[in-house]
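Here is the structure we will look at.
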Amino acid sequence: MKKGITVIIAVTFVLVLAACSISSNLDLLNRVTPTATLAPLIVPTPVSSAVLQGEDLSNIDLLLTNIYERSNPGVVAIVTSTSEGESSGSGFVYDKEGHIITNYHVVEGAKTVEVDFPSGRKVDGTVIGTDLDSDIAVIEVDVDPSQLVPLPLGDSDALKVGQMVVAIGNPFRLNSTMTFGIVSAKGRVQDSIRTAADQTAYASGDLIQIDAAINPGNSGGPLLNMNGEVVGVNRSIRISGTSLEGESINSGIGFAVSINIVKRVVPYLIQYGTFQYPYLGISSSSDDMTLAMWRAVAENQTTGAYITSVTPGGPADQAGLRAGTKPTSIQGLYSGGDIIIGVDGHPVNLYGDLISYIFKYKSPGDEIILTIIRNGEQKEVPLTLGGR
């Protein structure tokens with residue numbers, strides 16, 4: 001059984017009402033809560049970026065070769081044994097202290113963790129921190145620092161759609177495989193592995209959509225820009241079916257956790273074993289709403305995060321935000337809900353804009369100012385974020 005890369009069968013956003021619901025199925029296996037080991041806060045060792053610059057497209061073959069030769073020594077294959085058998089994924093070296101970054105679902109349920117380096121060295125690994133919301137885990141290995149090649153971390157906020165990226169990993173246990181593509185979109189949202197008390201999934205935000213080929217086994221491996229900097233951690237694909245062997249078939253749509261989320265989360269995972277995300281207490285299906293649906297709930301408004309439900313007693317409820325309650329001509333869709341169009345002065349055109357902002361810049365207990373439209377009138381609402 002391969003845990004490699006998470007698989008998305010349907011669209012990520014859903015209408016929370018059952019009559020209009022479209023489900024998303026993540027192939028995530030054997031969940032486990034590992035024992036966290038406290039470690040000192042680590043700042044990654046700076047590593048200079050690639051000599052060649054991304055603008056030098058006349059030498060694209062040399063550029064790609066340069067990226068691979070510099071980066072591959074820092075990319076690892078991860079082999080785990082679980083109650084259901086053996087599986088594999090990818091990861092990369094974070095620092096000289098022996099910390100390896102991968103996806104949580106790669107090590108979920110693992111009884112043993114093996115880390116294989118491109119040099120042929122194989123060592124045991126210990127999971128010291130996990131974050132189900134970003135699907136990130138940190139593994140610690142006991143390796144001489146001289147044998148570790150940390151990869152430089154880039155700035156995912158600086159990425160632009162159309163920018164070229166490469167993925168290096170362990171698809172189908174083909175170690176040190178490199179693939180090439182572009183950034184297809186930014187700010188995507190998927191369901192988190194973590195669920196609320198009512199079993200609904202939290203949101204996992206600020207994902208990068210790519211068309212570089214990633215397949216089962218690529219999970220946890222680095223997504224790199226043309227300067228050889230890690231800008232994401234490959235997480236999942238949307239599939240178009242399965243092969244005769246039952247493997248997921250890549251449709252050309254993949255997703256990576258943005259490195260700016262990773263840079264915020266990983267130091268906490270190393271020091272405390274966990275990370276707490278800010279919590280709003282709302283559901284929104286606006287990213288998948290058609291024009292007809294927007295017309296059913298609002299006048300002259302087709303952008304923003306339309307609130308379809310508010311968790312009783314949650315931060316949004318305490319702030320007075322409202323969900324739709326009036327039946328419309330569209331089954332399961334209710335009008336009268338607030339539409340969030342801004343947060344702290346930043347525009348919210350999609351629900352993903354809101355989630356990305358609070359994930360990257362806010363913590364539980366912080367106050368944010370939401371700009372909303374209610375009954376056709378614009379107003380500002382202060383909200384104190386909770387914790388998941």
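The values are calculated or read from the model by the stated rules, or taken from the named source; none is laboratory data. Everything numeric in this text was worked out from a predicted model, so none of it was measured. Every residue, glycine as well, gets a Cβ built from its backbone with ideal geometry; the counts of neighbours run over all protein chains shown.
Only strands (runs of 3 or more DSSP E) whose full extent lies in region 1-120 are considered here, and the ones with at least 3 residues that are at pLDDT 50 or above and touching a helix residue (DSSP H, G or I) at 6+ places or on another chain (Cβ under 9 Å) are 75-82, 85-93. Considering the conditions (1) touching a Ser or Thr at 6+ places or on another chain (Cβ under 9 Å); (2) assigned to a strand (DSSP E or B), Leu383 is excluded by exactly one of them, (1). Only strands (runs of 3 or more DSSP E) whose full extent lies in region 305-377 are considered here, and the ones with at least 2 residues that are within 20 Å of Pro278 (Cβ to Cβ), touching a Gly at 6+ places or on another chain (Cβ under 6 Å) and hydrophobic (A, V, I, L, M, F, W, C) are 339-343.
In region 251-271, the residues that are surrounded by fewer than 23 Cβ atoms within 10 Å (Cβ to Cβ) form Cβ pairs under 7 Å with partners that are part of a helix (DSSP H, G or I), at six or more places apart or across chains, as follows: Asn260/Ser156; Asn260/Asp157; Asn260/Lys360; Arg264/Lys360. Considering Ser192, Ser156, Ser219, Ser204, the condition of being modelled with pLDDT under 85, buried (at least 23 other Cβ atoms within 10 Å of the Cβ) and among the hydroxyl-bearing types (Ser, Thr, Tyr) is satisfied by Ser204 alone. Remark: pairs (first residue in region 131-142, touching a residue at least 24 places away in the same chain (Cβ under 8 Å); second residue surrounded by fewer than 24 Cβ atoms within 10 Å (Cβ to Cβ) and charged (D, E, K, R); Cβ separation under 6 Å; 6+ apart in sequence or on different chains) = Leu132/Arg194; Asp133/Arg194.
Against the conditions (1) surrounded by fewer than 14 Cβ atoms within 10 Å (Cβ to Cβ); (2) in a loop (DSSP other than H, G, I, E, B), Ser146 satisfies every one except (2).
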